[in-house]
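Comments concern the structure below.
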Amino acid sequence: MKESGDVPVKDMKDHKDYASYFQSTYQPPSLKDAKKRGKEAVKILKDYDLEEDLKRIGVGKKFYIRTYGCQMNEHDTEVMAGIFTEMGYEPTTDVQEANVILLNTCAIRENAENKVFGELGHLKPLKLEKPDLLIGVCGCMSQEESVVTKILQTYDQVDMIFGTHNIHRLPQIIKEAYLSKEMVVEVWSKEGDIVENLPRVRKGNIQGWVNIMYGCDKFCTYCIVPYTRGKERSRRPEDIIEEVRHLARNGYQEVTLLGQNVNAYGKDFEDMEYGLGDLMDEMRKIDIPRVRFTTSHPRDFDDHLIEVLAKGGNLVEHIHLPVQHGNSEILKLMARKYTREHYMELVGKIKQAIPHAALTTDIIVGFPNETEEQFEETLSLVKEVQYDAAYTFIYSPREGTPAAKMIDNVPLEVKKERLQRLNATLNEISLSKNEAYIDSVVEVLVEGESKKNPDVLTGHTSSNKVVNFRGPKHLIGTIVKVHVTDAKTWTLRGNLLEETAGVIEG
Ligand code: 5AD
Ligand code: SF4
């Protein structure tokens with residue numbers, strides 16, 4: 001069969017001069033502009049509302065959103081699903097029957113981007129079959145000028161590109177895409193205001209995500225996030241508390257407070273001294289069984305927060321504390337703003353205050369100039385900390401970041417080999433940590449059926465261990481006690497305690 005790529009979907013896009021396209025029609029995204037941090041205060045808008053004509057635009061139509069990357073994107077997808085619903089659209093899980101398809105993308109590593117370009121290729125025949133179908137690209141990739149240019153030049157099946165600061169403008173963008181023959185591009189390089197009352201369709205009703213802040217000002221040299229997500233700006237505590245209370249009233253069992261660097265929460269408030277520790281202290285008073293937060297930056301993790309977390313209650317015994325590397329020189333090149341010693345001191349304080357805390361982390365191998373000895377310091381740190389689990393990555397240069405200008409002089413083979421050694425060490429530790437649970441009784445928030453076996457239920461402990469066990473489906477959404485009998489590297493297995501099953505069955 002002939003590659004469908006030859007057929008122009010929108011003839012007006014042929015032979016376009018993209019430079020003038022940007023000048024005349026839209027603002028291109030710019031990582032340089034995104035880096036410039038203004039002093040002006042971020043406004044908080046509470047009057048999001050849809051005009052009547054936009055509320056009917058989706059009646060009889062369906063939307064499909066594919067989400068890549070982190071929980072922040074999952075959160076944004078929930079907001080976009082809410083906006084679609086307000087516009088009259090219905091959700092679908094089948095791309096074939098969708099009238100609008102959005103790819104909510106991730107730019108953190110090159111392979112994340114390649115997946116999206118691959119998916120756009122797969123969608124092309126569908127677009128040719130159904131010319132009225134709208135295909136949109138949003139999320140972090142759309143903040144990159146190089147990505148937008150590439151899509152404009154080679155992916156004419158795309159109808160709209162919009163950025164992470166433009167999500168609340170989805171209705172206007174959709175309307176314009178229906179009317180326009182051109183690709184609609186709306187990407188603000190700088191963050192706008194915080195829009196408070198956006199609609200939201202949450203996935204499930206057991207665990208909820210609550211954004212506490214947006215953006216990141218840390219500028220780690222390898223990372224694109226400060227450019228794609230804008231400057232740090234915190235939601236007001238009263239708005240967060242109200243949202244968590246609302247979830248609690250609706251039966252949610254767990255919330256995760258989200259931000260790229262949650263330990264910087266409140267640093268942008270000009271009218272009060274208020275930090276994550278204060279917010280977590282408020283969370284303890286809310287009647288919801290579990291409160292998590294992610295992601296932490298070791299540099300801003302203060303003693304007050306440790307003190308509050310040590311009070312326990314509904315604050316879980318799990319801290320995700322990305323270290324990135326075990327060698328202080330590499331940490332300096334990464335601009336992490338802490339040394340190995342400082343990190344270990346923090347781990348020591350946390351372990352002392354919260355003895356059962358499970359620690360997890362993120363680690364990058366193969367950063368420019370990483371020597372074998374420096375890599376071995378990552379291995380030794382991992383052994384010293386005894387992480388319960390870790391996400392490990394091969395360094396991926398991101399255009400526009402300072403590290404991308406450093407010579408990437410570690411051969412790929414060496415990077416892969418280091419990654420394997422690191423994972424082997426981490427897996428050994430995870431297994432021994434899990435084995436320590438054998439014969440203990442754990443509390444499990446039952447999240448659903450196991451993907452592999454519908455007779456088995458699955459959930460997490462407060463320390464974030466996955467536990468599988470046999471039990472009746474009506475336990476889904478409740479917290480039960482399980483006696484652990486087996487441990488694997490990633491999961492625990494056990495038996496439901498009759499006592500909890502009995503209590504719940506009433
Ligand atoms: N290459 C590899 N890993 C990266 N991360 C962020 N940027 C890069 C990059 N350029 C990793 C960090 C971060 C996690 C979310 O992704 O470990 O904590
Ligand atoms: Fe990226 Fe560093 Fe900000 Fe995390 S703290 S999002 S790694 S710049």
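The values are calculated or read from the model by the stated rules, or taken from the named source; none is laboratory data. Model, not experiment: these values are computed from the prediction. Cβ placement follows ideal geometry from the backbone for every residue including glycine, while neighbour counts extend to all protein chains displayed.
A few comments on the model shown:
- Checking each residue of the range 328-350 against the condition of being within 16 Å of ligand 2 (Cβ to nearest atom), of a type in the set (Lys, Arg) and loosely packed, with under 15 Cβ neighbours inside 10 Å gives at least one match.
- Evaluated against (1) modelled with pLDDT of 95 or more; (2) outside the structural domain of residue 310 (by TED's automatic domain parsing); (3) part of a loop (DSSP other than H, G, I, E, B), residue 336 falls short on exactly one condition, (2).
- Of the candidates 273, 243, the single residue that is assigned to a helix (DSSP H, G or I) and either within 30 Å of residue 396 (Cα to Cα) or not assigned by TED's automatic domain parsing to the domain that holds residue 475 (or both) is 243.
- Any hit, the range 283-294, residues being part of a strand (DSSP E or B) and within 29 Å of residue 370 (Cβ to Cβ): yes
- All conditions but one from (1) modelled with pLDDT under 90; (2) farther than 30 Å from residue 285 by Cβ apply to residue 153; the one that does not is (1).
- Of residues in the range 291-317 being within 16 Å of ligand 1 (Cβ to nearest atom) and of a type outside the set (Gly, Ala, Ser), the one surrounded by the most Cβ atoms within 10 Å (Cβ to Cβ): 293
- Residue check for residue 394: at pLDDT 95 or above and among the β-branched types (Val, Ile, Thr): yes
- Scan of the range 268-298 for residues that are charged (D, E, K, R) and at pLDDT below 95, ordered by number: 268, 270, 271
- Selection status of residue 182, out of contact with any strand residue (DSSP E or B) (no Cβ under 8 Å at 6 or more places or on another chain), in a loop (DSSP other than H, G, I, E, B) and under 20 Å from residue 137 (Cα atoms): yes
- The residues on offer are 425, 360, and the sole one that is modelled with pLDDT of 95 or more, within 16 Å of ligand 2 (Cβ to nearest atom) and within 25 Å of residue 341 (Cβ to Cβ) is 360.
- Checked against the criteria, residue 58 does not count as under 18 Å from residue 162 (Cα atoms), part of a loop (DSSP other than H, G, I, E, B) and touching a helix residue (DSSP H, G or I) at 6+ places or on another chain (Cβ under 8 Å).
- Which listed residue is in contact with a strand residue (DSSP E or B) (Cβ under 8 Å, 6 or more places away or on another chain), surrounded by 15 or more Cβ atoms within 10 Å (Cβ to Cβ), modelled with pLDDT under 85 and in a loop (DSSP other than H, G, I, E, B), from 9, 42: 42
- Residue 206 meets each of the listed conditions (1) crowded, with 19+ Cβ neighbours inside 10 Å; (2) within 20 Å of the chain's Cα centre (by Cα); (3) modelled with pLDDT of 95 or more apart from (1).
Residues checked against (1) more than 16 Å from ligand 2 (Cβ to nearest atom); (2) buried (at least 18 other Cβ atoms within 10 Å of the Cβ):
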| site | (1), (2) |
| --- | --- |
| 213 | no, yes |
| 228 | no, yes |
| 238 | yes, no |
| 253 | yes, yes |
| 257 | no, yes |
| 268 | no, no |
| 285 | yes, no |
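- With respect to the conditions (1) buried (at least 16 other Cβ atoms within 10 Å of the Cβ); (2) modelled with pLDDT of 95 or more; (3) in contact with a helix residue (DSSP H, G or I) (Cβ under 8 Å, 6 or more places away or on another chain), residue 442 lacks only one, and its number is (3).
- Residue that is nearest to ligand 2 (Cβ to nearest atom) [pool: residues in the range 405-416 that are modelled with pLDDT of 95 or more and more than 26 Å from residue 321 (Cβ to Cβ)]: 405
- Taking the criterion of being assigned to a loop (DSSP other than H, G, I, E, B) and either within 16 Å of ligand 1 (Cβ to nearest atom) or without any contact (Cβ under 8 Å) to a residue 24 or more places away in the chain (or both), the residues of the range 205-231 that qualify are 215, 216, 217, 218, 219, 220, 221, 222, 223, 224, 229.
- Taken over the range 361-400, the criterion of being within 13 Å of ligand 1 (Cβ to nearest atom), polar (S, T, N, Q) and in a loop (DSSP other than H, G, I, E, B) is satisfied by 396 alone.
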